[in-house]
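The next block holds one structure in the form of structure tokens; read it before the comments.
Just so it is clear, none of the values below were taken in a lab; they were calculated from the coordinates. Since the structure is predicted, the reported quantities are computational estimates derived from the model, not experimental observations. Cβ atoms come from the backbone with ideal geometry, glycine included; neighbour counts cover every protein chain shown.
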Amino acid sequence: MSLTVRRRGLVLGALTLTGALTLGACGSSDSGGDGSGAGAAGKHTVKTAMGDVEVPVAPKRVVVLDTGELDSALSLGVQPVGGTHAATEDGFPSYLPGNRTKDIKEVGEIANPNLETVASLKPDLILTSKVRDGDRYEQLSKIAPTVMTESTGTAWKENFRLHAEALGKQAEAKKVLAEYDAHVAKVTEAIGGKEKAAKTEVNFVRFVEGADIRIYGKQNYIGSILADLGLGRPAITDKAKDGFSYDVSPEKIDLADADVVFTSTYGDPGKAGTTRTMNSGLWKGLKASRNGKVFEVDDRLWIAGIGYTAAGKILDELQADLTK
């Protein structure tokens, strides 16, 4: 314990020094050598979950501390200099273009970033959320202006708009939104139109290492995409806690039945119960299972993507699977 305390003290001390240097640098830039005040004109204020934050109009060195922020930045044409990764995996989600992520410096795990590494990148903007890094806001703000959304998941569209504002990419954001709406309309037509979509009940089941099986409700990222397509959802989804998920044991997996079931696994399939559950009689007895309408998908895309680039790929997969 004493070693940990000493390490934290060193980290905070380094951050205080870094923050002081950063703020000092900003002050000298804002004053401007010619006294024109051009530096001050290069900033604007955005409203965040932590209050008003002054950020550069066109930030050049952005650090993102969650997958949603990473997706937003890349969707808007911004190349982050640093980003976090999921606790169970190294690297960034494979659904993102490798040529866009290969030069991003890993700065630790989501909800547990290495603040020394973040500071070493000399960012001029940090994007994250209160639910992930609210308790680190003061330290992060000493490194660079930090824009936090309240949460993640269900609010992904609102979060994207805030990210776009902070990045100075509102025009690009309008194009992204228009492309998404057109994509939704295309997929809805491909799967038979709104009426047929509404009559097709779809469930999403996530196997989680160290936790119960989650039948996803309507108040989450994937639930919002299914809603945009107008797809039906089984009654069990209305019992989801806070609209997020209804958790069950393998012995109650029959509650997940629907016309179509999508599944993903977080962690090791053996430890998460994926293998055992999907080999059980209850699972094989599901209507979706009997009709060949169970589709295993990438957890890092469907659950952790939380952005418009991920949504575009999910829509493509939904169209492919729902038209089989």
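For the chain, the mean residue ellipticity at 222 nm estimated from helices alone is -12500 deg cm²/dmol, where every DSSP H run of n ≥ 4 contributes -39500 (n - 2.57) and the total is divided by all residues, rounded to the nearest 500. Given the options Trp283, Gly312, Val55, identify the residue whose Cα lies farthest towards the positive end of the charge dipole of the chain (+1 on Cβ of Lys, Arg; -1 on Cβ of Asp, Glu). In the chain, that residue is Trp283. From least to most packed, judged by other beta carbons within 10 angstrom and beginning with the fewest, Met148, Met278, Met50 follow the order Met50, Met278, Met148.
Quick one: putting +1 on the C-beta of Lys and Arg, -1 on the C-beta of Asp and Glu, what dipole do you get for the stretch 42-168 around its Cα centre, in Debye to the nearest 20?
Details: 14 positive and 18 negative charges, 81 e Å.
Charge dipole of the stretch 42-168: 380 debye, to the nearest 20.
Annotation: amide H of Val107 within the under-5 Å range of Gly83, Thr84, His85, sequence separation 5 or more or interchain, hydrogens built in the peptide plane. Pull up all non-local amide H partners of Ser129: gap of 5 or more, or a different chain, and H-to-H distance under 5 Å with H placed in the peptide plane. Close amide H contacts, sequence-distant or interchain: Thr149.
Placing unit charges on C-beta atoms (Lys and Arg positive, Asp and Glu negative, everything else neutral), compute the dipole magnitude of the stretch 176-321 about its Cα centre in debye, rounded to 20.
340 debye
About its Cα centre, how strong a charge dipole does the chain have in debye, to the nearest 20, once Lys and Arg get +1 and Asp and Glu get -1 at the Cβ? Don't skip to the end; give the middle numbers.
Details: 40 positive and 43 negative charges, 42 e Å.
About 200 debye.
Taking other C-beta atoms within 10 angstrom as a stand-in for reagent exposure, His44, His183 fall in the order His44, His183, fewest first. From the alpha carbon centroid of the stretch 217-249 to that of the stretch 81-114 is 28 Å.
Would you mind ranking Ile303, Ile236 so that the residue whose beta carbon has the fewest other beta carbons within 10 Å leads the list?
Working: Ile303 23, Ile236 17.
Neighbour counts put them in this order, fewest first: Ile236, Ile303.
Working note: Karplus 6.51/-1.76/1.60 with θ = phi - 60° gives the stretch 132-139 the couplings 8, 9, x, 6, 10, 4, 4, 5 Hz, where Gly and Pro are set to x.
Would the stretch 42-168 count as rounded, prolate or oblate if I go by the C-alpha gyration tensor, calling it rounded below 1.5 in a/c and otherwise prolate when a/b exceeds b/c, oblate otherwise? Rounded.
May I ask what percent, to the nearest 5, of DSSP beta bridges between residues of the chain are antiparallel?
On the way: 15 of 38 bridges.
Approximately 40 percent, going by the DSSP bridge assignments.
Amide hydrogen proximity for Thr48: with H placed 1.01 Å from N in the peptide plane, the residues at 5 or more positions away or on another chain lying under 5 Å are Val53.
Could you work out the relative contact order of the stretch 50-116, using alpha carbon pairs under 8 angstrom and six or more residues apart, expressed as a whole percent?
Details: 75 pairs, mean separation 20.3, N = 67.
Computed value for the stretch 50-116: 30 percent relative contact order.
Positive end of the dipole of the chain (Cβ unit charges, origin at the Cα centre): among Ile253, Ala164, Thr149, the Cα lying farthest that way belongs to Ile253.
Suppose we take every Cα in the chain and form the convex hull; what volume per residue is that in Å³? Show your work: numbers first, answer last.
Details: hull volume 45.7 nm³, N = 324.
Dividing the Cα hull volume of the chain by its residues yields 141 Å³.
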